[in-house]
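Here's the structure we're looking at; comments come further down.
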Amino acid sequence: MTTVDQRTPAELAEAERYTAHNYHPLPVVVAEGEGAWVTDVDGRRYLDFLAGYSALNFGHRHPELIAAAHAQLDRVTLTSRAFVHDQFAAFCRSLAELCGKELVLPMNTGAEAVETAIKVARKWGYQVKGVENERAEIIVAADNFHGRTTTIVSFSTDPEARADFGPYTPGFVVVPYGDLVALAAAVTPNTVAVLLEPIQGEAGVLVPPTGYFAGVRELCTAQNVLMIADEIQSGLGRTGRTFAIEHEGVVPDMYVLGKALGGGIVPVSAVAADRDVLGVLKPGEHGSTFGGNPLACAVGHEVVRLLATGEFQKRSAELGERLHARLGELVGRGLVAVRGRGLWAGVDLDPALMTGRRACELLAERGVLAKDTHGSTIRLAPPLVVTEAEIDHAVDQLAAILAEAV
């Protein structure tokens, strides 16, 4: 093994020299990963408690997902949607069945899936609901995070994501998250959809009030408005259910999926809805050269197969109880509050002690990787393959940096 930090400074300097500064990463240069662990270029191991913002729900290099990718790499990786390949139908069928919907539309990134949902909702509004052309409105929540395209940042309330990227796309109405009264007041005859995260991840893993989404569902049904659940971060096992919206006992009209759907190997996203919604699209109106490619479908199909067993949802629910119990012990001992569901937690530190960024730096020094957001909040989202011992180890390291700061 090489000396610790022998290669890291040079690698960081090279990255700094040749890349645009759209991220502010921790000073860690990952070279290998397996399960819940990664190893840097100098041989130091870290427990990954971010899991690629939930893109790595199944851990690094899950053997069954890697095998599916390897097998497809030896056959065909891209055809474009000008043709049909032999992995396409099986992936689309299995994902539709997992979602309980009739159709799916595969894309690549989460932002592409959100853009797809927006286009579908608008077209549905004009062709099915009868909204006057160019007048469609979509209601979204403050503090949302749905991506960073020019359209999506148009309805962001985060100054860092939004500032200096205008002119902004019209057609969006922002209301407070979790406020059903405000949402109801915002609905007009031009409202075609309500687009919400079942849990707001970037905002600090914010869980809505009990009954909120049941009310949203009732309102959307009564007003003939599509209910769209952005499950890109919250879905596919992260919260102890296949979809986080299941905790609220409701079914949306459209699921927006991404991140974990690619198994941490390739970008795979999709929207899922019934035929009366997704069926409004006709050839030539929307697409992607790489969307639904053979490699993506092979990996995505294996992801769906893993989820269909219920094993990962069960692990997330059970291990999530342990994570939240352990974190709860630290409230009043450096932590102000803990939120979340399953293996997903938003942790508010006492701002008098340190920022979230400083906490993540100190955790990295102790071999645990996490990510800050909004001041003194950090997010914890380990892969669903994490063990009890690994959860305890990570929380112990958090407890140690808090104790040192008090």
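Structure values in brief
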| read-out | value |
| --- | --- |
| Any hit, segment 392-404, residues being closer than 23 Å to Arg45 by Cβ, among the polar types (S, T, N, Q) and not assigned by TED's automatic domain parsing to the domain that holds Glu202 | yes |
| Among (1) assigned to a helix (DSSP H, G or I); (2) surrounded by 13 or more Cβ atoms within 10 Å (Cβ to Cβ), the one test that Ala13 misses | (2) |
| Any hit, segment 82-97, residues being of a type in the set (A, V, I, L, M), crowded, with 22+ Cβ neighbours inside 10 Å and either at pLDDT below 95 or within 16 Å of Val268 (Cα to Cα) (or both) | yes |
| Candidate set from segment 156-199 (those that are surrounded by fewer than 16 Cβ atoms within 10 Å (Cβ to Cβ) and of a type in the set (Asp, Glu)); member that is nearest to His146 (Cα to Cα) | Glu160 |
| Any hit, segment 138-146, residues being surrounded by fewer than 21 Cβ atoms within 10 Å (Cβ to Cβ) and over 19 Å from Ile199 (Cβ atoms) | no |
| Residues of segment 341-375 satisfying the condition of being crowded, with 22+ Cβ neighbours inside 10 Å, small (Gly, Ala, Ser) and on the phi < 0 side of the Ramachandran plot | Ala345, Gly346, Gly356, Ala359, Ala370 |
| Residue check, Arg44 in the same structural domain as Ser234 (by TED's automatic domain parsing) and surrounded by 12 or more Cβ atoms within 10 Å (Cβ to Cβ) | no |
| Ala36 vs. criteria closer than 18 Å to Phe312 by Cα, in contact with a His (Cβ under 8 Å, 6 or more places away or on another chain) and among the aliphatic types (A, V, I, L, M) | yes |
| Close pairs from segment 56-70: first more than 14 Å from His301 (Cβ to Cβ), partner of a type in the set (Lys, Arg) and buried (at least 22 other Cβ atoms within 10 Å of the Cβ), Cβ under 8 Å, at least 6 apart | Asn57/Arg238; Asn57/Lys259 |
| Candidates Leu78, Leu65, Leu56, filtered to the one that is at pLDDT 95 or above, in a helix (DSSP H, G or I) and more than 30 Å from Arg135 (Cα to Cα) | Leu65 |
| Residue identified as within 18 Å of the chain's Cα centre (by Cα) and under 22 Å from Gln87 (Cβ atoms) among Val347, Val299 | Val299 |
| Hits in segment 246-285 - residues which are more than 19 Å from Leu195 (Cβ to Cβ) and touching a residue at least 12 places away in the same chain (Cβ under 8 Å) | Gly249, Ala260, Gly262, Gly263, Gly264, Ile265, Val266, Pro267, Val268, Arg275, Gly279, Glu285 |
| Qualifying position, being closer than 21 Å to Pro382 by Cβ, of a type in the set (Ser, Thr, Tyr) and at pLDDT 95 or above, among Thr8, Thr39 | Thr39 |
| Checklist (1) among the β-branched types (Val, Ile, Thr); (2) touching a residue at least 12 places away in the same chain (Cβ under 8 Å); (3) out of contact with any Pro (no Cβ under 7 Å at 6 or more places or on another chain) applied to Thr39, failing item | (2) |
| Residue within segment 265-281 that is buried (at least 23 other Cβ atoms within 10 Å of the Cβ), of a type in the set (S, T, N, Q) and closer than 25 Å to Tyr177 by Cα present | yes |
| Residue ranges of strands (runs of 3 or more DSSP E) in segment 327-406 with at least 1 members among the hydrophobic types (A, V, I, L, M, F, W, C) | 335-340, 345-349, 377-380 |
| Residue that is nearest to Ala36 (Cα to Cα) [pool: residues in segment 371-392 that are small (Gly, Ala, Ser) and touching a Gly at 6+ places or on another chain (Cβ under 9 Å)] | Ala381 |
| Only one of Tyr168, Tyr126, Tyr212 that is among the aromatic types (Phe, Trp, Tyr), farther than 26 Å from Glu112 by Cβ and modelled with pLDDT of 95 or more | Tyr212 |
| Verdict on Leu398 being under 24 Å from Arg238 (Cα atoms) and within 22 Å of the chain's Cα centre (by Cα) | no |
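Yes/no matrix, rows are residues, columns are (1) part of a strand (DSSP E or B); (2) of a type in the set (D, E, K, R); (3) farther than 25 Å from Ala345 by Cα:
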| position | (1), (2), (3) |
| --- | --- |
| Pro189 | no, no, yes |
| Leu195 | yes, no, no |
| Gly204 | no, no, no |
| Thr210 | no, no, no |
| Arg217 | no, yes, yes |
| Ala222 | no, no, yes |
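Rundown of residues vs (1) closer than 20 Å to Arg93 by Cβ; (2) in a helix (DSSP H, G or I), yes/no style:
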| residue | (1), (2) |
| --- | --- |
| Asp276 | yes, yes |
| Val280 | no, no |
| His286 | no, no |
| Ala298 | yes, yes |
| Leu306 | yes, yes |
| Lys314 | no, yes |
| Gly320 | no, yes |
| Leu323 | no, yes |
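The values are calculated or read from the model by the stated rules, or taken from the named source; none is laboratory data. If you're wondering where the values come from, they're calculated on a predicted model, not measured in any experiment. Here the Cβ is made from the backbone with ideal geometry for all residues, glycine too, and neighbour counts use every protein chain on show.
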